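The values are calculated or read from the model by the stated rules, or taken from the named source; none is laboratory data. Everything numeric here is computed off the predicted structure, so don't read it as measured data. Because the Cβ atoms are built from the backbone with ideal geometry, glycine has one as well, and the counts that use them run over all protein chains shown.
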Amino acid sequence: MTDASLLQAQTLLDSAEHIAVITHISPDGDAIGSALGFALALRRTGKTVTPVCADNVPRVFQYLKGYETFEQEVPLDADIIVTVDAASLDRIGSAQRGVQGRVHINIDHHISNTNYAEINLVSGEAASTAEYLVALFEQFDIPIKTKAARALLTGIVTDTQGFRTGNTTAKSLATAQKLMERGADLHEITELALHRKSLAAVRLWGNVFKKATVEDGIAWSTVSLLDKQNSGYTAPGSGDVVQILTTIEGIDVAVVLVEKPDKTVSISWRATSALNVSDLAAQFGGGGHKAAAGARIPNIKLDKATELVLAATRAALADLR
Ligand SMILES: [Mn+2]
């Protein structure tokens, strides 16, 4: 990213009347918080802004004011298309239909970002897209009021797991401080976005952790459709089981494979060593960060996917050692 692209982005946003801000499918707190924070902040400058996510806003983030303004498709009259937290265009899922290959501004913090837009604002140093957005808003002189601050702090808190991930920097904390000064309640957000789980999620954990295995420095487990059914867990994700697997001592990496109703298997890696899981995810068409990455394999059985993913993970670890 250069000063020229920052200026270009600012000029483009200034000229916009209706901005669509699109985030990725299977949205996490940074996806929802960044898209909503962007929408709320830009609306105050007199723009019409529609946040877009092809998937529903997860119930856990529905405490954010304005979440109900999310659309699943790109509005036809949007003149500027912005993406947030989406490392590649396919990450926005069916919203791609409304974009037709043309994204004006891509704002992200994934090192694997494919720079698919006309203006690519990608910061590999930011621990969340929300953190980076706060810096951009300062640069663009866009004020952040309480509602936007809550959305953006949600992005920071969730992507850093409450300021605990390896990519959390002094800047992440300083940014959170600014958002707190604008009225975002850190304790409330940590409780609602990170800490609280449904009973069904805890029951799912029980089923998934019972079969967790540690071999060759890899802690892994699987979440089948049946596991979800037996736990009464109806949300699309896996209740963050991979995060808990990383707490097992002596491992280098945690892996969770989740069976999806559309016959795909989604994979999440979390490295607790120097292993670069973004590279590993890329082998399966995914991406992410050095220490946290994901991919999706279409048309595959859970057993087969597990076999392939464990083999690739073992090989990557062997290379490292
Ligand atoms: Mn993120």
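Set side by side, the residues 55, 14 differ, and just one is in contact with a Ser or Thr (Cβ under 7 Å, 6 or more places away or on another chain) and among the charged types (D, E, K, R), which is 55.
Is it the case that residue 244 is in a helix (DSSP H, G or I), among the aliphatic types (A, V, I, L, M) and under 22 Å from residue 129 (Cβ atoms)? Before you say what the answer is, go through the steps one by one.
On the way: in a helix (DSSP H, G or I): yes; among the aliphatic types (A, V, I, L, M): yes; under 22 Å from residue 129 (Cβ atoms): no.
No: the conditions fail for residue 244.
Among the residues of region 248-255, none qualifies, meaning not one is under 21 Å from the mean Cα position of the chain (by Cα), acidic (Asp, Glu) and not assigned by TED's automatic domain parsing to the domain that holds residue 108. Quick one: residue 162 ticks every box in (1) part of a loop (DSSP other than H, G, I, E, B); (2) on the phi < 0 side of the Ramachandran plot bar one, so which box is it? Residue 162 satisfies all of (1) part of a loop (DSSP other than H, G, I, E, B); (2) on the phi < 0 side of the Ramachandran plot except (2).
Condition (residue is over 30 Å from residue 181 (Cβ atoms), away from the ligand (no atom under 16 Å from the Cβ), assigned by TED's automatic domain parsing to the domain that holds residue 42 and not basic (Lys, Arg)) applied to region 118-138: is it met by at least one residue? Yes; the residues of region 118-138 include at least one that is over 30 Å from residue 181 (Cβ atoms), away from the ligand (no atom under 16 Å from the Cβ), assigned by TED's automatic domain parsing to the domain that holds residue 42 and not basic (Lys, Arg). For residue 3, the criteria (1) buried (at least 20 other Cβ atoms within 10 Å of the Cβ); (2) more than 16 Å from the ligand (Cβ to nearest atom) hold in every case but one, which is (1).
Give me a count of the residues in region 34-55 that are under 22 Å from residue 236 (Cβ atoms) and either surrounded by fewer than 24 Cβ atoms within 10 Å (Cβ to Cβ) or within 15 Å of the ligand (Cβ to nearest atom) (or both).
Kept after step one, since they are under 22 Å from residue 236 (Cβ atoms), are these residues of region 34-55: 34-36, 51-55.
With either surrounded by fewer than 24 Cβ atoms within 10 Å (Cβ to Cβ) or within 15 Å of the ligand (Cβ to nearest atom) (or both) added as a condition, the list becomes 34-36, 53-55.
Result for region 34-55: 6.
Please determine, by comparing only the residues of region 64-79 that are in a helix (DSSP H, G or I) and surrounded by 14 or more Cβ atoms within 10 Å (Cβ to Cβ), which one is nearest to the ligand (Cβ to nearest atom). Ranking the qualifying residues of region 64-79, first place goes to 67. For beta carbons closer than 6 Å, sequence separation of 6+ or different chains, a first residue in region 210-231 that is under 16 Å from residue 255 (Cβ atoms) and a second that is of a type in the set (Lys, Arg) and part of a helix (DSSP H, G or I), the qualifying pairs are 216/314. Across region 83-107, the qualifying residues are those that are within 14 Å of residue 27 (Cβ to Cβ) and within 13 Å of the chain's Cα centre (by Cα), and the one among them that is nearest to the ligand (Cβ to nearest atom) is 85.
Being assigned to a loop (DSSP other than H, G, I, E, B) and closer than 19 Å to residue 33 by Cβ is the filter here, so list the residues in region 89-123 that pass it. Residues satisfying the conditions are 109, 110, 113, 123.
Could you say which residue among 36, 13 is over 21 Å from residue 128 (Cα atoms) and not in a loop (DSSP other than H, G, I, E, B)?
On the way: 36 fails: over 21 Å from residue 128 (Cα atoms).
Answer to the selection: 13.
The residues in region 16-30 that are within 14 Å of the ligand (Cβ to nearest atom) and either out of contact with any helix residue (DSSP H, G or I) (no Cβ under 8 Å at 6 or more places or on another chain) or part of a loop (DSSP other than H, G, I, E, B) (or both) can be counted, and the count is 5.
Picking from residues in region 39-63 that are in a helix (DSSP H, G or I) and closer than 22 Å to residue 138 by Cα, the one that is nearest to the chain's Cα centre (by Cα) is 39.
State yes or no: is residue 82 crowded, with 19+ Cβ neighbours inside 10 Å, modelled with pLDDT of 95 or more, in a loop (DSSP other than H, G, I, E, B) and not basic (Lys, Arg)?
no
In region 91-109, the residues that are under 20 Å from residue 286 (Cα atoms) and not assigned by TED's automatic domain parsing to the domain that holds residue 32 never reach a residue that is more than 16 Å from the ligand (Cβ to nearest atom) and in a helix (DSSP H, G or I) with C-beta atoms less than 8 angstrom apart, at least six apart or across chains. Of the residues making up region 159-212, just one is under 18 Å from the mean Cα position of the chain (by Cα), more than 16 Å from the ligand (Cβ to nearest atom) and loosely packed, with under 12 Cβ neighbours inside 10 Å, namely 195.
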